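K.L.:
Take this structure, written in structure tokens, and hold onto it; I'll ask about it next.
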Amino acid sequence: EELDADDRTGLDPELWLEGPDKVREPDTVVRLLLVETLLLLCASGRKSREVIRARRAYVVLRTMDQSEQDEDVSARVNDCVQYLRRDEEGTEE
């Protein structure tokens, strides 16, 4: 997938440069475990979510979800996105 300039801003070029060695993880279980790891980090506290947001993980998750075929993986991606998109202004940890 081609990312626009706004999405590429702040991302490691390794994540958006295309080449013959760029392939998605073929194993559904591995993809699920990776997304669940992010979900655990999101659930662990506000500071973790701030770090994940600063690394622009939302862009990667959004792009991943656009091509994800497995419903379990897609559901976990959506859970992560909900954590990352929520407004935390004025809230406690």
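We did not get these values from a lab; they are worked out from the coordinates using the rules stated. None of these values were measured; they are calculated from a predicted model. A quick note on method: Cβ atoms are made from the backbone with ideal geometry, for glycine too, and the neighbour counts reach across all protein chains shown.
K.L.:
Could you go through segment 57-65 in sequence order and give the Karplus-derived ³J(HN,Hα) for each residue, using 6.51 cos²θ - 1.76 cosθ + 1.60 with θ = phi - 60°, rounded to whole Hz, and x for Gly and Pro?
P.N.:
5, 4, 4, 5, 5, 4, 5, 4, 5
K.L.:
Now for a different question. So, R0 is 35 Å and r is the distance between the beta-carbons of R86 and V23; what FRET efficiency does that work out to, to 0.05?
P.N.:
0.60
K.L.:
How high is the FRET efficiency between T63 and E36 when r is their beta carbon distance and R₀ equals 25 Å, given to the nearest 0.05? Before the final figure, lay out each step's value.
P.N.:
Details: r = 18 Å, r/R0 = 0.73.
So, using R0 = 25 Å, E works out to roughly 0.85.
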